[in-house]
Amino acid sequence: MPTGMLLLLITAALIYFGAAQRVLDRMRLTDGQALLFIGLMIGGSFIDIPLYQGAVELSVNVGGALVPFALCIYLLLRTDTVKERVRGIAAALATTGVVFGISQLTEFGPTDRTLIDPMWLFAIVAGVVGYLAGRSRKSAFIAGTLGIILTDVIHMARAFVMGMPSTVAIGGAGIFDTVVIAGIAAVLLAELVGETRERLQGGPEQREGQLLLHNEEFLQTEGQQSQNDGKGKEGYD
């Protein structure tokens, strides 16, 4: 079984048993929505839509490109602020640049012995850069996932420009696994760092309690000030 599909099945099991509720809440996804996207990715991984037949045979994989792209757009539209939306897009572009640059500096031949599989290398790089650029779980996932898909699109564009006879399936073959690994790695890294930071700062409950206390003090101060202003106005009248 392909690595990407195995990871999706594991993720679906975690969601079903409620182990991923915290992450989904941060990403503004319900269990049903997450399971739907996972199902569409698994089913769509077997579907390649032909787009062009010529020197370059171009197709797009539904599960490895269209569904993840649609999920990223959905998450971008669900962002709380325009700043967060811009940050997610910028993080995706930064991830694309780094992954594409590494792909140009490294050559993996069929007989080469490498310490790490290219699929894992690009996925891990995309996940790490996606988190560093995006920070939040949502932005990190968008950056890691879109970074791989956009890199594949750039390779497709180069094939057309150079006129190289080739077969390009955007999001297909090993790219499907890379997209899945990159997205999951980015979210896990964001969750790990975010959880560690919260624990070092005393936990969200304590911070929320402190924030609530500050709000109560502010309201009390405002109330006292309003009473004093009212008394001052009565004396003046």
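The values are calculated or read from the model by the stated rules, or taken from the named source; none is laboratory data. None of the values given here were measured: they were computed from a predicted structure. Glycine also receives a Cβ, built like all others from the backbone with ideal geometry; neighbour counts cover every protein chain displayed.
For the range 28-38, check the following and say yes or no: at least one residue is assigned to a helix (DSSP H, G or I) and of a type in the set (D, E, K, R).
Taking the range 28-38 and keeping what is assigned to a helix (DSSP H, G or I), we get 31-38.
Of the ones still in play, those that are also of a type in the set (D, E, K, R) are 31.
Checked against the condition, which is being assigned to a helix (DSSP H, G or I) and of a type in the set (D, E, K, R), the range 28-38 yields at least one hit.
Checking ALA133 against (1) under 28 Å from ASP48 (Cβ atoms); (2) modelled with pLDDT under 85; (3) assigned to a helix (DSSP H, G or I): exactly one of these is not met. Which one?
If we test ALA133 against (1) under 28 Å from ASP48 (Cβ atoms); (2) modelled with pLDDT under 85; (3) assigned to a helix (DSSP H, G or I), just (1) comes out false.
Please state which one of ILE148, ILE142, ILE154 is surrounded by fewer than 18 Cβ atoms within 10 Å (Cβ to Cβ), part of a helix (DSSP H, G or I) and at pLDDT 90 or above.
Matching residue, one of ILE148, ILE142, ILE154: ILE154.
Name the one entry in VAL60, VAL128, VAL86 that is in the same structural domain as PRO165 (by TED's automatic domain parsing), buried (at least 20 other Cβ atoms within 10 Å of the Cβ) and either within 26 Å of ALA12 (Cβ to Cβ) or of a type in the set (A, V, I, L, M) (or both).
Only one candidate passes the filter, namely VAL60.
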